[in-house]
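Encoded as structure tokens, the structure appears first; notes follow it.
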Amino acid sequence: MQTRFPRKTLAAALLALAIAPVALTATAAPGEGAETREQWLEARAEHQAERRAALFERAGIDAETREALESASREHREAMAELRQEHRERMDALLSDEQREALKAARLEMHQEYQAERRQHRTASLQRRMTEMVDGWDLSEEEREALGELRREHYAAMAELRDRDFDSREARREAFQALRDEHQAALGELLTEEQLEEMRQTAREAYVKEPKGGKGDGQGRAD
């Protein structure tokens, strides 16, 4: 006798498969060390500079005006950096070592709670979207069971990679990328290209339309 695979369970399986690329990227990323943060800030600054250059080009801003605008932006950033440094020095003078440590711990705890709340909201929103999507598909019981099995195998493989020691960050990234490629290939054997694209689009919309505060039903404006 064949065990029925409930539609909510199937939606949960597809949810896990849809967000796997995001989870893989987050898991494979290096920690937030000083060097990593410096690299991230540098990359962000370069990206912003490229966007400004493209904006000026499209608006027809001449070279002399561009330089003046860039100079004003640099002065603003330097002034803000000085103000932040002054603020940190004043805070250090007002707080004891124990108070600073307590604030640091409280800030980390609040940040973790906020991130957990956002993840929970995002998952619930995507779960609803996936359930609605699955209801429109004509899947057999065999296809439903196969998707469930794929979900279980994928979770086990991810857990194994997380616990494995790698020689380098690059080796870790390559391992997670290989798992992602394998996962996509397995999906391609179970779902049609149209279903795969609908699943990807559903996942993209759930993330793009989420309000910045992480509240609501996922129908906020796009960032």
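The values are calculated or read from the model by the stated rules, or taken from the named source; none is laboratory data. Please read all numbers here as calculations on a predicted model, not as lab measurements. For neighbour counting, all protein chains shown are included, and Cβ atoms are generated from backbone atoms with ideal geometry for every residue, glycine included. Side chains are part of the model used for accessible areas, which takes the heavy atoms of the whole protein and leaves out ligands, DNA and RNA. Shrake-Rupley method; radii C 1.70, N 1.55, O 1.52, S 1.80 Å.
Tally Lys and Arg at +1 and Asp and Glu at -1 over the other residues with C-beta under 14 Å from the C-beta of residue 92: what net charge comes out? Value of the local net charge: 0. In terms of accessible area, using a 1.4 Å probe and ignoring ligands and nucleic acids, 95, 187, 108, 150 rank largest first as 108, 95, 150, 187. Cα centroids of region 39-114 and region 174-195: 39 Å apart. Packing-based ranking of 191-202, 63-74, 122-133 yields 122-133, 191-202, 63-74, ordered from highest to lowest mean Cβ neighbour count within 10 Å.
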